[in-house]
Amino acid sequence: MSTQSTPAEVSMETIVALCKRRGFIFQSSEIYGGLNGFFDYGPLGSEMKKNIRDCWWNDMVRRRDDIVGIESSIIMHPKVWEASGHIAGFTDPLVDCKASKQRYRADQLFFSPVVVDGKTVGYVSALEGENTAAELQSAAETLKRKKAIQGELAPVQPKDLTEAQPDEIPLIPSPATGEPGSLTPPRAFNMMFETYVGALRDASAVAYLRPETAQGMFVDFKNVVDTGRVKLPFGIAQVGKSFRNEITPRNFIFRSREFEQMEMEYFIHEDADWAQCHKDWIEWCRQWLISIGLPDSHLSLYDHPKAKLSFYSKGTTDIMFKYPFGVQELWGIAARGNYDLTQHAEASGKPQEIFDEATKKKFVPHVIEPAVGTDRIFLAALCAAYAEEQVTDEKGNTETRIVLRLSPRIAPVKVAVLPLLKNKEALVGRAQELYKKIKRKYTAFYDESGAIGRRYRRQDEIGTPWCVTIDFDTIEKDGTFTLRDRDTMQQTRITEAELFALLEEKVY
Ligand code: GAP
């Protein structure tokens with residue numbers, strides 16, 4: 001077989017279709033029309049997501065001596081969110097279009113004055129996307145043409161709606177209607193989901209679904225210190241669901257209303273070199289993403305400008321990923337000083353300090369926080385792994401092969417076991433025996449239906465790194481079987497011991 005590889009710039013439509021077709025991800029409550037911003041992971045998706053989560057947990061917690069894990073509750077005392085600042089400040093700027101009843105995030109709605117010969121003749125708007133500036137420019141040209149204005153059109157100057165002057169807002173067209181006059185000024189919209197705890201439904205019973213897992217680590221800080229024999233520097237990590245009532249959930253699982261976070265709070269001495277520690281964690285996170293198969297070429301760093309940081313923040317760097325819809329935040333790594341522990345100490349009246357043996361003084365540790373969404377890693381991994389290739393067989397027939405080049409660490413199925421023929425008892429028996437043995441430790445798939453080439457294709461499309469075929473040589477000669485590699489499509493003969501050694505090395 002010869003191959004001609006065409007690494008595809010995959011579209012989101014392709015990824016969404018593959019996810020549905022092969023059972024990675026479904027829309028939540030689909031039979032009732034779905035619920036915007038919520039998703040279900042199907043049989044393959046839940047395996048792959050679990051693999052990402054397990055890799056993170058193993059590398060972040062189990063394989064390190066300085067980090068411990070916890071699992072805190074999703075609903076916490078409402079005072080947690082007062083102290084953390086979420087009740088007052090966990091908001092996004094919301095804009096309503098009174099005509100269409102559409103709602104937008106003001107920082108995702110862009111506008112520009114249309115300037116001809118130095119004079120503003122109108123305004124144009126566009127939603128954030130990869131080509132926002134080009135869209136605005138084209139809208140400006142259309143407006144100039146429609147109004148039959150002569151003169152030189154200046155290049156548009158895109159700003160988001162949070163930067164609009166009050167007298168500009170009535171002049172900016174709504175993206176829904178194309179007409180000005182219906183957009184409201186931006187107002188703060190709190191993204192926390194409220195609920196009630198207990199039988200009463202009044203203000204005293206209000207509680208919140210957590211919008212981040214991080215506060216669990218801060219609130220349990222003293223418990224861990226008092227019981228865990230931890231010594232600075234050390235980290236507390238957890239994985240769990242978070243909930244945000246996003247104004248505009250979008251880009252599939254990239255921004256949803258219920259999602260999973262993997263967060264770690266790394267506590268350091270107040271006099272420690274926080275900048276170096278921050279840098280070390282950025283590099284650790286980048287290397288970890290590469291270890292689960294994300295290409296370095298798709299990763300970049302974005303340092304938040306000092307002017308946009310919260311007053312307590314010393315620095316935040318995001319690891320960005322090149323998604324099909326643009327370069328977007330994947331993993332935020334923040335140096336948060338001792339803000340969170342100090343806030344909880346003040347609000348609860350319980351000191352959150354550590355005793356320094358060297359100076360015989362108590363102090364509140366500072367923290368570096370790497371916080372990432374499992375779903376965002378999942379989407380990044382799928383987009384980076386997807387490829388379509390033209391494959392030509394020995395007879396000269398060419399077809400398109402869809403292949404997910406997922407890292408064996410996160411691939412939902414590690415090995416497919418295929419008896420060459422399904423009506424030969426000896427082949428089937430040996431294949432079943434091997435399949436059951438592999439399944440004790442690794443996810444495996446048994447498939448005896450259809451031509452062997454078809455069976456390989458089915459596994460390629462779900463990212464299975466290896467297929468083993470049990471043939472007559474296996475049962476009549478030396479017991480070896482064919483190992484077919486997903487990426488190279490090379491076939492080699494190996495023993496059972498060699499197969500397990502390969503799995504041991506690559507799946508960890
Ligand atoms: N404790 C800090 C914190 O939560 P964040 O930047 O708001 O910081 C951390 O969130 C990470 O969680 C993000 O980098 C992203 O990977 C993920 N995340 C945040 N909001 C999300 C959403 N609506 N849907 C999916 N993932 C989200």
**Prompt:** Before we move on, is residue 246 among the acidic types (Asp, Glu), out of contact with any helix residue (DSSP H, G or I) (no Cβ under 8 Å at 6 or more places or on another chain) and more than 16 Å from the ligand (Cβ to nearest atom)?
**Reply:** no
**Prompt:** Would it be correct to say that residue 241 is surrounded by fewer than 18 Cβ atoms within 10 Å (Cβ to Cβ), within 14 Å of the ligand (Cβ to nearest atom), not small (Gly, Ala, Ser) and not in a loop (DSSP other than H, G, I, E, B)?
**Reply:** yes
**Prompt:** Can we say residue 365 is touching a Lys or Arg at 6+ places or on another chain (Cβ under 9 Å) and at pLDDT 95 or above?
**Reply:** no
**Prompt:** If you check 355, 311, 378, which single one turns out to be in contact with a Phe, Trp or Tyr (Cβ under 9 Å, 6 or more places away or on another chain) and surrounded by 15 or more Cβ atoms within 10 Å (Cβ to Cβ)?
**Reply:** 378
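List the strands (runs of 3 or more DSSP E) that sit entirely inside segment 1-120 and contain at least 2 residues that are out of contact with any His (no Cβ under 6 Å at 6 or more places or on another chain) and either open to solvent by less than 60 Å² (accessible area, probe 1.4 Å) or among the hydrophobic types (A, V, I, L, M, F, W, C) (or both).
Once the strands (runs of 3 or more DSSP E) in segment 1-120 are filtered for at least 2 residues that are out of contact with any His (no Cβ under 6 Å at 6 or more places or on another chain) and either open to solvent by less than 60 Å² (accessible area, probe 1.4 Å) or among the hydrophobic types (A, V, I, L, M, F, W, C) (or both), what remains is 25-27, 39-41, 67-69, 91-96, 103-105, 109-116.
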**Message:** For residue 342, only one of the following conditions fails: (1) within 16 Å of the ligand (Cβ to nearest atom); (2) out of contact with any Pro (no Cβ under 8 Å at 6 or more places or on another chain). What is its number?
**Reply:** (1)
**Message:** Suppose the filter is near the ligand (Cβ under 10 Å from one of its atoms) and open to solvent by less than 40 Å² (accessible area, probe 1.4 Å); does residue 221 pass it?
**Reply:** no
**Complete:** Expected output for segment 155-180 (first residue touching a residue at least 60 places away in the same chain (Cβ under 8 Å), partner assigned to a helix (DSSP H, G or I), Cβ below 6 Å, 6+ apart or cross-chain) is 161/106; 162/106; 162/107
**Fill in**
The residue from 362, 350, 322 that alone is open to solvent by 40 Å² or more (accessible area, probe 1.4 Å), of a type outside the set (A, V, I, L, M, F, W, C) and not in a strand (DSSP E or B) is 350
**Asked** Any residue at all in segment 171-186 that is in a strand (DSSP E or B) and surrounded by fewer than 21 Cβ atoms within 10 Å (Cβ to Cβ)?
**Response** yes
**Item:** Members of segment 280-301 found to be assigned to a helix (DSSP H, G or I), buried (at least 17 other Cβ atoms within 10 Å of the Cβ) and either without any contact (Cβ under 8 Å) to a residue 40 or more places away in the chain or of a type in the set (Val, Ile, Thr) (or both), listed by number
**Value:** 282, 286
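The values are calculated or read from the model by the stated rules, or taken from the named source; none is laboratory data. Model, not experiment: these values are computed from the prediction. In this analysis, Cβ positions are derived from the backbone assuming ideal geometry, glycine residues included, and neighbour counts consider all displayed protein chains. Surface accessibility is based on the protein's heavy atoms, side chains included, excluding ligands, DNA and RNA. Shrake-Rupley method; radii C 1.70, N 1.55, O 1.52, S 1.80 Å.
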